[in-house]
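As structure tokens, the structure follows; a few thoughts come after it.
Since every read-out is calculated from the coordinates, none of them should be taken as a lab result. Note that the structure is predicted; figures quoted are calculated from it, not measured. Cβ: placed from backbone, ideal geometry, glycine included. Neighbour counts: every protein chain shown.
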């Protein structure tokens, strides 16, 4: 059964816990205090929180069915995981040409230039049952549901 | 009181026999039958109700009285005389029995309400007038107790094993078309003569095995309709409920059973629409009359004998027929003791009443 | 069903994937004139053309070149004919004739032959040390030439994308490069002056010389080896390596002298079919719809080639899909400066509104071009984060009147867009697990 | 004049070793108690701004924050406590009436905690609610004293032959009833005092469980009409939001005379809270104070109430129950009796500990009587008068648990209203600052930054969970008593015993002391 991540901006309180947990999940130690206080380069979150007035929402890769980043990627680093349907970036192959950034209409791919330049994006927390942003959103503004 | 709490088995024995043709028979069978369930009693109470025993006084209200002392009797008689013409009164005949240790003064009165009193209470029925008298005596006069108050019937009860009580009252000398008997194993009220079963009011008699968990609300519900429960007994409550539902609200025994042991909502949902509407209304209106907790009960009045089990059948109840005779008892063995080969024997379902009616009469 | 695909790059590979999505059984044959590459004994049977500059600059090793893995053809049951050129089309027989006269019958044909480098009129072009730069072989040949000839100086003819990527690669190899550009600036096709100036300055800082408004007229050489170039104005520049990168054009050789209509490229309809039934074209060799200019023209960019290949593949396999059109865009990092240009970046004519912020000191430049309140173009230099949102606005032709003033703000994001459009975006394209 | 500093009520303790300066607390505190210093990349806290709502503590991803009561103590004084001194100081500075939220927090005796329940042993088997049916369905509304069926003639002398339903016909026309699947309703909380998301949570939970929520005097927001079948619409002294569609939308109508937290006092929704949506719902201009008068100015006596009851019944063509809510005061029993005789189909009684969004502290803490005594007195009174059937009783005000519910029912209530418990289920930690409109939990606020913090999906789920859990517990307790239908417990005070109560208390509650048998 295909599950999707839904964003419910009306319930996003803008706490940015999703960012915190995303960062930790993509850190080396996966320990919240070490990730923040002891890791260099500092890990970066792969989720973006937008905020304006009282409206806010978190946004991560939508793993589009018709993903422009897959078409734009010149190296073949960007691929769709056959099993989960997730759009993932093979960081080994990625050369940081930023074609994906150019075409992503959600603006949810960022440059990670801390080491080798690579496109940094949501990987749906490979290996986790539920992405950590979903699991840790205190208000269920990011939810993982069966396709509507 | 401690004597009751030392014992850890519980249960009462009940039996009712009705000759639906109206033919009367002696109390010998009922004594034999209840004696077979001696195990279910503990000697702290036994009793009988008999219908059709005073054909010569069948128009008069017969009060079976228990007086703990002479002054109670004097007070009671004074009160009765104020309101009734005493057609006849006499001691209730008994026979010496070693096992019956203590007994109150047992007296019976055949009464007719005075015309002027009836006029004074033009707004209530004669039954209500009599019931009021009974409740007045029971609650106002210390040491006086009305064991039964119907017409052509009587309740015989006391502290002891029921078969001893039966012999003590010389019941084999009476003839009735309904006999009910009860062997008591009291846990809730101290074993006293008035507290033994059956409980009687007007021509109602109730014998009961069980414990009514809804007692507190049943009692308060009845209060709303003017019934004052004076004895802390479940039988009293059940008697009043039947009186209210059948006599006052003119409901059939079947409907009364649907109130006392209401079907579950889930079952009601499955009923036909008309039936469901009635069942819902019954539960909504008479929710406080729902009798909860384990019980089996035999209720009788002049025309009817009804056996009824609780909603989930937590206490035993068996029924049998033989010709016109209907038997309802705690144990099948108690029936077979006096009717070895009944036509039919069955276990009534939870909340499903077994009803015996006098032929040609309506219940 | 027999599918024959000419070309094994973006368009061809995308078409294979699309065909296989709809048709698991049909026979697919791919023809490519590219040779098989062996890396540590393992065959690599395709590669990503844009990566050749990275290969040359040693930022990528040969084993990272493949675009799809070696199992790709096996998994998709594709017969791959490598190192063989399609020379002729026999439309009546529905056959492709290969070099060596092998004939391949087809039911559906895709021409995704890509582009060819434009070769300008320069004397001495056939000297050793003169290269174009579009294929893997070019990169390897240049590399070998540099190694064997200990090249220290090079001239790159053309300051476009390929020229600059080549320049960058050469600089990585510690070669001094002079760029000769006919226009007044680098990247003149996609950048405006400000954007170009940032890159020019960066190139200058790295020691690259840029000569604009000029061109090479002759390559001087000795022993058939280039030693220098002579410019239009007579100036001489010494160089033992010359890379000619003045542009590419659609490769339409195969369809010449056939009834298949061409302009600059092969003309296709909205379903990527040529005027001849069952013959499709995709990628740099074709001319498809430009979404912004609302006309057909070749758009030689990777994403368009993939999209066209995919749509062509779907249509060949019977799933009717329409090509929505594309527009020029590119993302390239030059001298460590990321840049993105999309759409009409240097508008001429009336009705345009330009929003921009320019921070020369930090090499940051952002420019948004609007026409009738719709975003039609954008340039980002250095700060390219979330550039795709603007691309999306261009593609969806969103009326930006209500949020125009937010377009250049630091915190511009989906939240700045009208709620309905935002909801449409987020609800329309949702994440899958 | 400089404000004289007083010790803060709470201390925010931040464990620097755990704080990762993620600023979640900074973003979340509506009282700005936390702030971030980018220069030092640290988060610091200002305890003077803390109201003790514990939101930051709950949400801090590393558990770096603990909110404590300030250990700073005034000299110990049984009469002049820190709170008393703080209040006097505040009033000396502001000359105002002290405001508060939620229910009375003074340590009056809680009778629930002195009442124990019965269970079956030997003579009466207990019932396992997971194996046997256990019924909590409750009907709220006027009941006739008796049923009328067409006479039937039982022909069958056949044994065990039950006459079929066709033998009877129902003549009694029942008054409209509210059907509750569990004897718990959500108390009146207006849209205005609480957020729309909170209202939606209550409405959805009521629908899912099969019970009702109450609009309070907030009118009915357009998004709530779809839950009309599970809504009790209130008509209060301000008549805010009352119109034909409103009355018709609800399943029942409740005339609000009083509220346990503030008997004799009206309501006041400050203009700042009257947003566009609230203005439309309440039918008052944006930004104006919504003042509910202390009395209904068309009800100065019981016959006036009767007129209103019947006006509302007429207006809705006798299609739904009309009830009256009063606060529990000294005379509650005769008042309730009058209300029943005035035609109310249910009477809701709100006790001393009932909650509020805003009330003068002095009123909340000193006026009214505990619900336990009130419900006992009213139930008794109505039974004595033989009119108990004519109206249902709903007990409200400080019902904290399933045991409170079951005790209230055994004392004589048909059902209970829960307000505070529902809010706690949605997140409330009883900081009692509802009146500030800065509720960090998104409940008692209209600030769009805050209201979105209550996701009604979560609110609904938590409320449903709470009611399910309580219902199950009630079933367990009923089963223990050997009772399988709630109506057998209702008013069944024999199942209750008092512990540590005076003879007078016992008498008023109508229960026996523990140790006394039946």
Original post:
log₁₀ I(q)/I(0) of the stretch C:139-263 at q = 0.22 Å⁻¹, via Debye over equal Cα point scatterers, no solvent, to two decimals?
Top reply: -1.23
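Between residue C:39 and residue D:208, what is the FRET efficiency for a Förster distance of 56 Å, r being their Cβ-Cβ separation, to the nearest 0.05? Walk me through the numbers before you get to the answer.
Working: r = 62 Å, r/R0 = 1.11.
E between residue C:39 and residue D:208, to the nearest 0.05, is 0.35.
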Original post:
Relative contact order of chain C: what whole-number percent is it, with Cα pairs under 8 angstrom and at least 6 residues apart?
Top reply: 15 percent
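What is the diffusion coefficient of the stretch D:10-76 in µm²/s, taking the Kirkwood radius over Cα pairs and the Stokes-Einstein relation at 25 °C with a viscosity of 0.890 mPa s? Let's see the in-between values first.
Numbers: Rh = 12.2 Å.
Calculated translational D: 201 µm²/s.
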**OP:** Could you state the angle between the C-alpha long axis of helix D:371-384 and the longest principal axis of the C-alpha atoms of chain D, as a value from 0 to 90 degrees rounded to the nearest 10?
**Re:** 20 degrees
Original post:
To the nearest whole number, what is the average tally of beta carbon atoms from other chains within 10 Å of the beta carbons of peptide B:163-174?
Top reply: 0
Original post:
How many angstrom separate the Cα center of the stretch B:44-60 from the Cα center of the stretch D:170-205?
Top reply: 55 Å
Original post:
How many partner chain Cβ atoms sit within 10 Å of a residue's Cβ in peptide B:287-296, on average, as a whole number?
Top reply: 6
**OP:** Return the single residue from B:22, B:200, B:158 with maximal mean-square fluctuation; model: Gaussian network over chain B, springs between Cα atoms under 10 Å.
**Re:** B:22
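Hey, what did chain D get for relative contact order, percent, Cα under 8 Å, at least 6 apart? Can you show the working numbers first?
Values: 1085 pairs, mean separation 97.9, N = 518.
Reported as a whole number, the value is 19 percent.
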**OP:** Give the angle, between 0 and 90 degrees and rounded to the nearest 10, that separates the Cα long axis of helix D:332-341 from the longest principal axis of the Cα atoms of chain D.
**Re:** 50 degrees
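Quick one: if the Förster radius is 25 Å, what FRET efficiency do residue C:236 and residue C:119 give, using the C-beta to C-beta distance and rounding to 0.05?
Calculated transfer efficiency: 0.70.
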**OP:** Please identify which residues in the stretch D:432-446 have an amide N closer than 17 Å to a label point set 7 Å out from the Cα of residue D:98, following the Cα→Cβ vector.
**Re:** D:432-436
Original post:
Given springs between every Cα pair under 10 Å in a Gaussian network model of chain B, which of B:258, B:203, B:267 has the largest fluctuation?
Top reply: B:267
Original post:
Is the stretch C:336-428 best put as rounded, prolate or oblate by its Cα gyration tensor, with a ≥ b ≥ c the root eigenvalues, rounded for a/c under 1.5, and otherwise prolate when a/b is larger than b/c, oblate when not?
Top reply: oblate
**OP:** Evaluate E = 1/(1 + (r/R0)^6) for residue C:126 and residue C:176, where r is the Cβ-Cβ distance and R0 equals 25 Å; express this FRET efficiency to the nearest 0.05.
**Re:** 0.55
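How much of the DSSP beta bridge set in chain C is antiparallel, as a percent to the nearest 5?
Roughly 60 percent of the beta bridges in chain C run antiparallel, per DSSP.
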Subject >> Projected label distance in nm at residue D:291 and residue A:129, using a 7 Å step from Cα toward the beta-carbon >> reply: 5.7 nm
**OP:** Express as a percent, rounded to the nearest 5, the fraction of DSSP beta bridges in the stretch C:24-97 (both residues included) that run antiparallel.
**Re:** 60 percent
Original post:
Roughly what would the spin-label model give for residue A:145 and residue D:126, points 7 Å off Cα along C-beta, in nm?
Top reply: 4.1 nm
**OP:** Pop out the Kirkwood hydrodynamic radius of the stretch C:1-142 from its pairwise C-alpha distances, inverse of mean 1/r, in Å to one decimal.
**Re:** 16.5 Å
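Rounded, prolate or oblate: pick one for chain C, where a ≥ b ≥ c are the square roots of the eigenvalues of its C-alpha gyration tensor, a/c under 1.5 means rounded, and failing that, prolate if a/b is larger than b/c, else oblate.
Working: a/c = 1.73, a/b = 1.03, b/c = 1.67.
Oblate, since a/c reaches 1.5 and b/c is not below a/b.
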**OP:** Measure out, as a whole number of angstrom, how far apart the alpha-carbon centroids of the stretch A:110-126 and the stretch D:332-369 sit.
**Re:** 62 Å
Subject >> For the stretch A:81-101 versus the stretch D:390-450, the gap between their alpha-carbon centres in whole angstrom >> reply: 51 Å
**OP:** Report relative contact order for the stretch D:10-76 in percent, whole number only (criteria: Cα-Cα under 8 Å, sequence separation at least 6).
**Re:** 44 percent
**OP:** Once you have a ≥ b ≥ c as the square roots of the Cα gyration tensor eigenvalues for chain B, tell me rounded if a/c is under 1.5, and otherwise prolate or oblate according to whether a/b is larger than b/c.
**Re:** rounded
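What ranking do D:255-268, D:238-251 get when scored by the average of other Cβ atoms within 10 Å per residue, highest first? Intermediate values should be presented prior to the final figure.
Values: D:255-268: 23.6, D:238-251: 18.7.
In decreasing order of mean packing, D:255-268, D:238-251 become D:255-268, D:238-251.
So, by mean Cβ neighbours within 10 angstrom, what's the order for B:86-97, D:357-368, D:482-493, B:312-323 with the highest one leading? Display every interim value, and only then the final one.
On the way: B:86-97: 12.5, D:357-368: 21.2, D:482-493: 27.2, B:312-323: 19.6.
Taking the mean over residues of other Cβ atoms within 10 Å, the ranking is D:482-493, D:357-368, B:312-323, B:86-97.
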Original post:
Restricting the count to DSSP beta bridges whose residues both fall in chain D, what percent are antiparallel, rounded to a multiple of 5?
Top reply: 40 percent
Subject >> Other protein chain Cβ atoms within 10 Å, averaged over every residue that makes up C:385-397 >> reply: 5
